[in-house]
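Asker: Once you've had a glance at the structure underneath, I'll fire off some questions.
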Amino acid sequence: MPIANTTNTAVFANARLSDFTTFKLGGPCQYLIECTTLEALQKTITELHKKNTPFILLGGGSNVVVSDSGIDAVVIRYVSETPLIERRDNDLVIAASTYLDSAALFSVEEGLAGLVFTSGIPGTVGGAVVGNAGAWGKQVGDVLKSALIIDLKGNLKEVQADYFEFSYRNSKIKATQEIIAQVTFALTPGDQTILTLERMDILKERAQKHPNLTEQPCAGSFFRNIEPTSKAEKRQAAGWFLEQAGGKELRVGGAYIFDKHANIIIKGHNCTAEDIYDLHLKMINLVQDQFGFTISREVRFLGKFQHASEANPQLFW
């Protein structure tokens, strides 16, 4: 059952998407519809389907680059500034609109182990499940028990974890474009003091290796880590290959590479979304030239980019 019963929705015309992404980039969309609850989200999707109006879903905007010209589409933003979380025995039932770090904090305060590794990861719970977000060798798919999802017609159904077919930084939801409305994480009892210290250590280490989003806008790690060539090996950090190839020296316009992490692109002065796109191409080419393989991005592009080679340059992920 849903954990919230209000229907909060707000509609904005010609909203600039730079206000809703961690990169602080992106032009306007036709309409931005803000939904904070499951009910509001389902009602909005149902109405758009009835009107045959396509839409794009945006969560915390932490893993996307929107083109400078914006997008000629309706955008639904499913975010709740107030965490919507319930504890049911050792499970946490969480609205997908809740920020992931808020869920991590709640789990620690409740003395529940299994989610603390997500501390400090930006974005919403829904986005984290879609992309099977992870850190420290763990991923959210490991603790997902079930979810409520909405299809593009507005139909709501409950699915179990195996429905998502999780793989490294991926789930089949990316292809089906179904929308995660609510999730249930299966956690285990833990020592609150130990969990609190673990969270503090994680946040401290992230602060040392990652930029402050308010000062250096970015989308975190831009490329996926490299899959091992055998079962005996571990994934290798894409940032290592980029650094070895001299990637930290790359720059396009106002876009540059973070000095502490070669896999992070920073929005600098007068940076455009086009700069980000062109810089990421240079990073791909650099690794290809030096090591002979192609790195795959985690971050998604949305809208029209001048040098895009995708089949549909007007709108692509």
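The values are calculated or read from the model by the stated rules, or taken from the named source; none is laboratory data. Predicted model, so just to flag it, every value in this text is computed and none were measured. We place every Cβ from the backbone using ideal geometry, glycine too, and count neighbours over all the protein chains shown. All accessible areas refer to the heavy atoms of the entire protein, side chains included, with ligands and DNA or RNA removed. Shrake-Rupley method; radii C 1.70, N 1.55, O 1.52, S 1.80 Å.
Asker: Please give the net charge around F223, taking every other residue with its beta carbon less than 13 angstrom from that of F223, where Lys and Arg add +1 and Asp and Glu add -1.
Answerer: +3
Asker: Quick query: amide H of A181 versus all other amide H atoms, modeled in the peptide plane; which residues come in under 5 Å with a sequence gap of 5 or more or a different chain?
Answerer: L148, I149, I150
Asker: While we're looking at this one, here's another question. Report for the chain the percent antiparallel among DSSP-assigned beta bridges with both residues inside it, nearest 5.
Answerer: 75
Asker: Here's a follow-up. With +1 on each Lys and Arg Cβ and -1 on each Asp and Glu Cβ, how big is the dipole of the stretch 170-314 about its Cα centre, in debye rounded to the nearest 20?
Answerer: Magnitude of the dipole: close to 180 debye.
Asker: Still on this model: What value, in deg cm²/dmol to 500, does the helix sum -39500 (n - 2.57) over DSSP H runs of n ≥ 4 give at 222 nm once divided by the residues of the chain?
Answerer: -7500 deg cm²/dmol
Asker: What are the ³J(HN,Hα) couplings of the stretch 251-260, residue after residue, when phi is run through the Karplus curve with 6.51, -1.76, 1.60 and θ = phi - 60°? Round to Hz, x for glycine and proline.
Answerer: Each residue's phi maps through the Karplus curve to give 7, 9, x, x, 9, 9, 8, 4, 5, 9 Hz.
Asker: Out of residues 5 or more away from F223 or on other chains, whose amide H comes under 5 Å of its own, with H placed 1.01 Å from N in the peptide plane?
Answerer: E298
Asker: Something else: Given the pairs K50/K157; K24/K51; K24/K282; K24/K209; K51/K267, which are separated by over 29 angstrom at their Cα positions?
Answerer: Pairs exceeding 29 Å: K24/K51; K51/K267.
Asker: Going by a ≥ b ≥ c, the root eigenvalues of the Cα gyration tensor, does the stretch 200-282 fall in the rounded group (a/c under 1.5), the prolate group (a/b larger than b/c) or the oblate group?
Answerer: It is oblate, given that a/c is not under 1.5 and a/b is not larger than b/c.
Asker: Let me make sure I get this right: for the stretch 17-100, a, b and c are the square roots of the gyration tensor eigenvalues over alpha carbons, sorted descending. Under 1.5 in a/c it's rounded, otherwise prolate if a/b > b/c, else oblate. Which is it?
Answerer: Oblate, because a/c is 1.5 or more while a/b does not exceed b/c.
Asker: Ranking request for peptides 39-52, 180-193: highest mean number of other beta-carbon atoms within 10 Å first, then the rest in descending order.
Answerer: Output ranking for 39-52, 180-193: 180-193, 39-52.
Asker: Also, I was wondering about something else. Under the definition of Cα pairs under 8 Å and six or more residues apart, what whole-number percent is the relative contact order of the stretch 186-317?
Answerer: 21
Asker: Mind ranking Y31, Y78 by accessible surface for me, highest first, 1.4 Å probe?
Answerer: Y31, Y78
Asker: If you add up the charges near R87, with Lys and Arg at +1 and Asp and Glu at -1, over every other residue whose beta carbon is less than 11 angstrom from its beta carbon, what do you get?
Answerer: -4
Asker: Among L105, Q290, L156, whose Cα lies farthest out toward the positive end of the dipole of the chain, if unit charges sit on the beta carbon of Lys, Arg (+1) and Asp, Glu (-1)?
Answerer: Q290
Asker: Next question, about the same structure. Among P83, P54, P211, which one moves the most in a GNM of the chain with springs linking Cα atoms closer than 10 Å?
Answerer: For the chain, modelled as a Gaussian network with Cα springs under 10 Å, the answer is P54.
Asker: Something else now. Indicate the helices, whole DSSP H runs only, in the chain that combine a mean Kyte-Doolittle hydropathy of -0.5 or more with a Cα extent along their long axis of 15 angstrom or more.
Answerer: Span-like helices in the chain: 38-50, 273-291.
Asker: Computed from these coordinates, which is log10 I(q)/I(0) by the Debye sum over Cα atoms at q = 0.07, 0.13, 0.16 Å⁻¹: (i) -0.32, -0.99, -1.31; (ii) -0.24, -0.89, -1.42; (iii) -0.27, -0.99, -1.46?
Answerer: Computing log10 I(q)/I(0) by the Debye sum over Cα atoms at q = 0.07, 0.13, 0.16 Å⁻¹ and matching it to (i) -0.32, -0.99, -1.31; (ii) -0.24, -0.89, -1.42; (iii) -0.27, -0.99, -1.46 gives (iii).
Asker: To the nearest 20 Debye, how big is the dipole of the chain about its Cα centre, given +1 on the beta carbon of each Lys and Arg and -1 on that of each Asp and Glu?
Answerer: 420
Asker: Same structure, new question: Defining a contact as two alpha carbons under 8 Å apart and six or more residues distant in sequence, what relative contact order in percent does the chain show?
Answerer: With pairs under 8 Å counted, the relative contact order is 16 percent.
Asker: If you put +1 on each Lys and Arg Cβ and -1 on each Asp and Glu Cβ, how big is the dipole of the stretch 1-99 around its Cα centre, in Debye rounded to 20?
Answerer: Taking the Cα centre of the stretch 1-99 as origin, the dipole is about 160 debye.
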